[in-house]
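A quick write-up on the structure given underneath.
The values are calculated or read from the model by the stated rules, or taken from the named source; none is laboratory data. All values derive from a computational prediction rather than experimental measurement. Methodologically, a virtual Cβ is constructed for each residue, glycine included, from the backbone with ideal geometry; neighbour enumeration extends over all protein chains shown.
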Amino acid sequence: MTALALHNLDSTDHLVAPSEYGDIGPQSPALSLFTDFKRHEPFVLDGWMSAIEAGANMRRSHSKLRLVVDRNMEFIGTITLQDLSEANLLKKIAAGSRRDDIQVVDLMKHRHELHAISYDELRRSTVQDVIDTLSTSGDQHCLVVDSNTHSIRGLIAASDVSARLHKEISVSAAPTFAEIFTAVHA
């Protein structure tokens, strides 16, 4: 066994983050921006957690998205800080719910509403392909599924892509028919 040399930290040593580096570009492999759950534990919330508690938890951890699991730790959806907004809480309250009774499952996006990219396809793609896909779909986050193992393998976030490229990417959901109808008839 070989012991490694231990060093004292210098006062100029600082904590780094991936966004400090300019090593990613539009033609870089898409896997360079992929949060792989084989290597990183996914951040999850219990679906029956209070929505108020979940929002506080996410703000404290500076998290914009969490995967939602049931009591058996099975994936049931995603929740964002936007989903947990005061406006969304007020809609539930107006519909008759008590603020303290609103749970994550009441505000989350259910798994059947979500989009995913195939891991095999992602392996052959570039960062620009990911940008184009997110821009077209309007999704801020996209799950990555490994069809060989039938597992949710990871996640790609538009905010991570922007941070690594040091530029904003435009990702906005296309308006729904109901939103267009309301705007035209307002």
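Worth a mention:
- Candidates ARG59, ARG39, ARG66 - the one that is closer than 30 Å to LEU165 by Cα, without any contact (Cβ under 8 Å) to a residue 40 or more places away in the chain, of a type outside the set (Phe, Trp, Tyr) and in a strand (DSSP E or B): ARG66
- Listed by first and then second residue, the pairs with beta-carbon distance under 8 Å, at least 6 apart or on different chains, first residue in the stretch 14-36 and over 16 Å from VAL130 (Cβ atoms) and hydroxyl-bearing (Ser, Thr, Tyr), second surrounded by 12 or more Cβ atoms within 10 Å (Cβ to Cβ) and modelled with pLDDT under 90, are SER19/ALA163; SER19/ARG164; TYR21/ARG164.
- Across the stretch 20-38, the number of residues qualifying as exposed (fewer than 10 other Cβ atoms within 10 Å of the Cβ) and over 16 Å from ARG123 (Cα atoms) comes to 2.
- Scanning the stretch 94-147 for residues that are among the polar types (S, T, N, Q) and touching a residue at least 12 places away in the same chain (Cβ under 8 Å) turns up GLN103, SER118, SER125, THR126, GLN128, THR133, SER135, SER137, GLN140, SER147.
- Any hit, the stretch 9-19, residues being surrounded by fewer than 17 Cβ atoms within 10 Å (Cβ to Cβ), assigned to a loop (DSSP other than H, G, I, E, B), under 20 Å from the mean Cα position of the chain (by Cα) and at positive phi: no
- Taking the criterion of being within 20 Å of SER63 (Cβ to Cβ) and either in a loop (DSSP other than H, G, I, E, B) or of a type in the set (A, V, I, L, M) (or both), the residues of the stretch 20-36 that qualify are LEU33, PHE34.
- Condition check for ARG71 on (1) over 14 Å from the mean Cα position of the chain (by Cα); (2) more than 14 Å from GLY47 (Cβ to Cβ): one failure, at (2).
- Annotation note: of THR35, THR12, the sole residue that is among the β-branched types (Val, Ile, Thr) and at pLDDT 90 or above is THR35.
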